[in-house]
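The structure under discussion appears below in the form of structure tokens.
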Amino acid sequence: MAFIEIRNLVKRYGKVVAVNNIDLNVEKGEMLTLLGPSGCGKTTTLRCIAGLEKPQAGEIIIDGRSLLAEGFVQPSERGIGMVFQNYAVWPHMKVLKNVAYGLKLQKIPKHKIRERALQVLDMVGLGGLEERYPAQLSGGQQQRVALARALVRNPKVLLLDEPLSNLDAKLREKMRFEIKSLVRRMGMTSVYVTHDQAEAMVISDRIVVMDSGNVVQTGTAQDIYQMPANRFVADFIGTMNFMSGEIISVEAETNSAYVKTEFNDKLLCKTTDGTNLKQGDQVFASIRPEDVEISPDRPETSGNLVAGTIAHKAYLGNFLFFFVTVKGITIRVQVPHYVPLEEGADIYLSLNPEKCMVLV
Amino acid sequence: MPRENISLAAILWAVIAFLVIYPLSVLIIESLRIAGTNEWGFSNYLAFFRDTYYLKTFWNTMVLSTLVLLTTTIFGIPLAYILARYRHRGKTVFTALILLPIVLPAFAGVFAFIIFFGKYGTLNLLLMQFGLTKVPINFIYGIHGLVFIQSLHLLPFIVLSLSAGFTNIDPSFEEAAEVEGASGFRRFITVTLPLCTPSYLAGAVIVFLWPFTDWLTPLILGKVDYLPSVAYINIAYHFTDMNRKHMGIVAVVVSSIVCILLFVLARRWVERKKYTGLSKGTTSEGRVIEPGPIIRYGSYLYMIIVSFVVLLIPIVLGLSAFSRRWVFEPFPTYWTLDNFKLILLESPLLIKNSFLFSGIALIFGVVFGLLAAYVIVRTRIRGNQTLDFIITLMLAFPGMAVGVSYMLAFWNGIPLATHWIIMPIALFARRLPYFLRMAHSSYLQLDISLEEASEVSGVGKFRTFLYISLPLLLKGVLVGVVMFFIMAFQEISTAIFLYKGGWETLPIGIYLNWHRGMEFGIAAAMAFLMIVITFILLLIISRIGGGILKAAWGPGEK
Ligand SMILES: Nc1ncnc2c1ncn2[C@@H]1O[C@H](COP(=O)(O)OP(=O)(O)O)[C@@H](O)[C@H]1O
Ligand SMILES: [Mg+2]
């Protein structure tokens, strides 16, 4: 049995279905990330776990304890730590009081409370700032106060709602690693919400991709990047070339299919195991820019070879992006920065059949 | 810095100097004059604070202020919480009813409650009829009555500012407390209330200062040992006794100093403690809860009781307005329109005066307010914040102080007070901030690039203001216009010192007719008329946009 189990969770706001009958499992000690575009229901799911929203249906079980089906358990009774998107650090309390707030409600001797709060403040790198008011702290420091407050009671479950979204880019990258190592060290089970795919890939053990209140795919970062379940996931995570087309034939035994696209009659692509695609289906032959090979001369390799022209070249520091026009279709190609090709050159693209996939 | 802005600011300063600074200096100088001589010194003040009677009035006023603040706070917290947080039917109606006393003239409440709660008023007569009591119960004569009447008048200020606080708190502050293990009441005490203190204070200071400015309620209830009432009596009735007159003037100055000091301190504190900007709100509505059945019916009951007491004012005044000789009966028996005939046919002058004076004051107010808002918001002329500050101070300034200082300043020195124009001018000065604040807060929300776009296209500053800014400010300006008019229309504390025969306004007429004892039907009819007019104007405001009122009077925002 998983440490957190969510079953058939439904949350509606009037006619809007924010969370549409989702199932989730989080293993003990795992950091799970809910990833998806804004408005897909991540925050709502998290708030249901915290008890800040009352779902219309479903069950949430944490460490074997039912939180919904056997009567609604109030947020104050759930023993959860939560970091809010806007920190929600109380401006009228000093840092120490903010952190000690939850401890004071438990029957712990005063000096123990102080000791513990100072210890956690030290852990998040705020040692010495305990007597400041939040208004005297930077955004990053307030973020750490929020984190310390969530960790101080050693909760079984830690929830984080886009904790880094209000920080600047450099700090954000640094905090990712800090949060991850801190949470791992404390051995907490955590659910992390973000709309930033890079953040999700760095921080999580597993990622749950959500779209319009539904779970679209669950897996490790690698699984999801290499085998996206559909066009939505592929588009959301990383960059992908989508070439619309029609299935000509499905080769079930090799997990592949031939697709007729606008520029090529027979593009060989991979399919997922046990696919139910059939001839005539409208699909997208898809390939990531870094998987496309580009060469000025016709290469020896056969299969999925197309001719095109470089319409535009973009220099992005460590690599180059070519926008290649193939019979009116634009295909993006990513190559190392030293590839000596210029705009207007006629080139060949090889869409590696091992990397080319069929998505709907 | 453009030259026209400088001349504009100069004109505004000239107006302030003439209508605020000059008369107030005369008032202060007069308070320092030693009675009967041409010498000056602090002896009046020393005498005032050595006299046990005046010290007692000062102390009494402090006690009254504290009691009124306590009462409004205790009754206001749940009311504000209900209005801000619970979703229920009839929210708009209840809100309107509970806020009604803000725009009702303060004396309307006094008169209505004397008729209803008085010794042989409706309630006592009913109680005696049903044999529940043999002798009449003293409901209102005494400090408890004063506290009750003033608290009802001031409750809306507390409710408005607290509910703004409850609404503006970022919901996640409370949610964080819940997640941390604090439930219900504890969360409210440790997080919600402390976060509301800045907005609470903005309302609380207005409440606390009121007993330092309200001379009329204690006077009518026969409890005159309060600073403003003593000042009024000394100045208005004992002008031949130089010593008493000077003690009156000192009392006025002392009240004014208390008011301004507390007002400024509170503002300072609020500005320093402003918690809102720290975190962005998620919904404009704030945190709204569906209450359970017990809380729901409890809140309804509570709101109904408060609304009922508020509604008593127009109902009781209406009953006596449409009747004659209503005494020793719980309800009137002789119905008539005579009272209205009398005021409409025999003395339409009062109504005319009220509209005329308030109307002229309004024109001054709008012209001055628009220009001042422009200078304060859109220019960086040195001293524009001081200008704003002085104008805002008029909010805290006792009306009586304006009246007395005008009487002193515009009688001998500059003989403006011999012409009726003094009336609208005084109303204008007294209600200075009311229009300005509305214009100011809408101006702050107007994106400057809209104006810049017009200027870049080659249109001058003045035309830009006329064609671009003004139409965009229209809503705020209209609400300001109506609000200013309401407040000028019900003004009495200043006007009572300045009117001469033929210049009486409706509030003065009400006050005078009430004095004539048995003619209170006429006073009631006038008060009823005022309430109806005010109510119609209020409906217009809420049609235009009630939110603007909240925005303009919300805490922390200048
Ligand atoms: N309190 C609310 N009232 C009405 N609709 C809401 C409320 N909270 C969220 N929603 C709606 O539910 C959907 C999911 O919102 P949310 O969970 O906040 O998305 P995310 O966190 O993924 O951006 C959105 O369409 C949002 O508009
Ligand atoms: Mg969200």
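The values are calculated or read from the model by the stated rules, or taken from the named source; none is laboratory data. All of these numbers come straight from a predicted model, not from anything done at the bench. Here the Cβ is made from the backbone with ideal geometry for all residues, glycine too, and neighbour counts use every protein chain on show. These accessible areas exclude ligands, DNA and RNA; they are computed on the full protein's heavy atoms, side chains included. Shrake-Rupley method; radii C 1.70, N 1.55, O 1.52, S 1.80 Å.
Apply the Karplus parameterisation 6.51 cos²θ - 1.76 cosθ + 1.60, with θ equal to phi minus 60°, to every residue of the range B:55-67 and state each ³J(HN,Hα) to the nearest whole Hz, in sequence, with x for glycine and proline.
These are the phi-based 3J(HN,Hα) values: 4, 5, 4, 4, 4, 4, 5, 4, 4, 4, 4, 4, 5 Hz.
In the neighborhood of A:Asn8, defined by Cβ-to-Cβ distances under 10 Å, what is the net charge if each Lys or Arg adds +1 and each Asp or Glu adds -1?
Net local charge, A:Asn8 excluded: -1.
Counting only pairs 8 or more places apart or on different chains, how many lysine pairs in the range A:235-317 have C-alpha atoms closer than 24 Å?
Step by step, the pairs that qualify in the range A:235-317 add up to 4.
For the range B:70-122 and the range A:1-65, what is the separation of their Cα centres, given in Å?
If we compute the Cα centre of each part, the gap is 44 Å.
Give, as a single signed number, the net charge of other residues whose beta carbon lies under 15 Å from the beta carbon of B:Ile496, with Lys and Arg counted +1 and Asp and Glu -1.
Overall, the nearby charge balance is -1.
Exactly which trypsin sites (Lys or Arg not before Pro) in the range A:181-221 are in a DSSP loop and have at most 11 other Cβ atoms within 10 Å?
When the trypsin sites (Lys or Arg not before Pro) of the range A:181-221 are filtered for loop state and at most 11 Cβ neighbours within 10 Å, nothing remains.
Rounded to a whole number of µm²/s, how large is the Stokes-Einstein D of the range B:416-484 at 10 °C and 1.306 mPa s, given Rh as the Kirkwood radius over C-alpha pairs?
116 µm²/s
Could you pull the Cα extents of the range A:172-273 along its three principal axes, largest to smallest, in whole Å?
In descending order, the Cα extents are 54, 27, 25 Å.
Dividing the convex hull volume of the alpha carbon atoms of the range B:235-387 by its residue count, what do you get in Å³ per residue?
About 323 Å³ per residue, rounded to a whole number.
Which of the lysines could a cross-linker span from A:Lys112 if the Cα-Cα distance has to be under 26 Å and same-chain partners fewer than 8 positions apart are dropped?
Here the lysines satisfying the reach criterion relative to A:Lys112 are A:Lys94, A:Lys97, A:Lys104, A:Lys156.
By its C-alpha gyration tensor, with a ≥ b ≥ c as the square roots of the eigenvalues, how is the range A:139-220 shaped: rounded for a/c under 1.5, else prolate for a/b larger than b/c, else oblate?
oblate
Compute for chains B and A the buried accessible surface, both sides summed, probe 1.4 Å, and express it in Å² to the nearest 100.
2000 Å²
Give me the log10 of I(q) over I(0) for the protein assembly as shown at q = 0.05, 0.06, 0.07, 0.09 Å⁻¹, as the Debye formula computes it from C-alpha points; what are the numbers?
Each listed q maps to, in turn, -0.45, -0.61, -0.77, -1.04.
What does the C-alpha gyration tensor say about the overall shape of chain A? Classify as rounded when a/c is under 1.5, otherwise prolate if a/b is larger than b/c, or oblate.
Cα axes put chain A in the prolate bin.
Using a Förster radius of 25 Å, what is the FRET efficiency between B:Phe308 and B:Asn138 based on their Cβ-Cβ separation? Nearest 0.05, please.
E(calc), rounded to 0.05, equals 0.70.
If you take the beta carbon distance between B:Met242 and B:Trp40 as r and set R0 to 22 Å, what does 1/(1 + (r/R0)^6) give as a FRET efficiency, to the nearest 0.05?
0.90
Among residues other than B:Tyr226 whose Cβ falls under 14 Å from its Cβ, what is the net charge (Lys/Arg +1, Asp/Glu -1)?
0
For A:Asn241, enumerate residues with amide H under 5 Å from its amide H, sequence gap 5+ or separate chain, H modeled in the peptide plane.
A:Ile287, A:Arg288
Please express the Cα-Cα pair-distance distribution P(r) of chain B as a list of whole percents, one per 20 Å bin, running from 0 to the bin with the greatest distance.
Answer for chain B: a P(r) of 19, 53, 26, 2, 0 percent.
Ignoring everything except DSSP H segments at least 4 long, calculate the 222 nm mean residue ellipticity for chain A; use -39,500 (n - 2.57) per segment, divide by total residues, nearest 500.
Value at 222 nm, helices only, nearest 500: -7000 deg cm²/dmol.
Can you run phi through the Karplus equation (6.51, -1.76, 1.60; θ = phi - 60°) for the range B:287-302 and list ³J(HN,Hα) in whole Hz, with x for Gly and Pro?
In residue order, the calculated couplings are 8, 10, 10, 8, x, x, x, 5, 5, 4, 5, x, 5, 4, 4, 4 Hz.
Using a 1.4 Å probe on the protein heavy atoms, what percent of the accessible area of the protein assembly as shown belongs to carbon and sulfur?
Whole-percent figure for carbon plus sulfur exposure: 60.
Convert each backbone phi in the range B:101-110 into a coupling constant with the Karplus relation 6.51 cos²θ - 1.76 cosθ + 1.60 (shift: θ = phi - 60°), then list the ³J(HN,Hα) values in order as whole Hz, x for Gly and Pro.
x, 4, 9, 6, x, 4, 5, 4, x, 4
How about the range A:68-94: which of its residues lose at least 30 Å² of accessible area in the presence of all protein chains relative to their chain isolated, using a 1.4 Å probe?
Correct list: A:Pro75, A:Ser76, A:Phe84, A:Asn86, A:Ala88, A:Trp90, A:Pro91, A:His92.
Can you list the aspartates and glutamates whose alpha carbon sits under 19 Å from that of A:Lys28, skipping same-chain ones fewer than 8 residues off?
Those aspartates and glutamates meeting the cut-off are A:Glu5, A:Glu59, A:Asp63, A:Asp205.
Could you state the principal axis extents of the C-alpha atoms in the range B:396-546, from the largest down, to the nearest angstrom?
66, 41, 26
Determine the distance separating the Cα centre of the range B:344-391 from the Cα centre of the range B:499-535; give it in Å without decimals.
24 Å
Evaluate the distance, in nm, between pseudo-label points positioned 7 Å from the Cα of B:Val288 and of B:Lys461 along their respective Cα→Cβ axes.
4.4 nm
Can you show me the helix-derived [θ] at 222 nm for chain B, built from DSSP H runs with n ≥ 4 at -39,500 (n - 2.57) apiece and divided by the number of residues, rounded to the nearest 500.
-22500 deg cm²/dmol
Counting only heavy atoms of the protein chains, get the accessible area per residue of chain B (1.4 Å probe) and round it to a whole Å² value.
43 Å²
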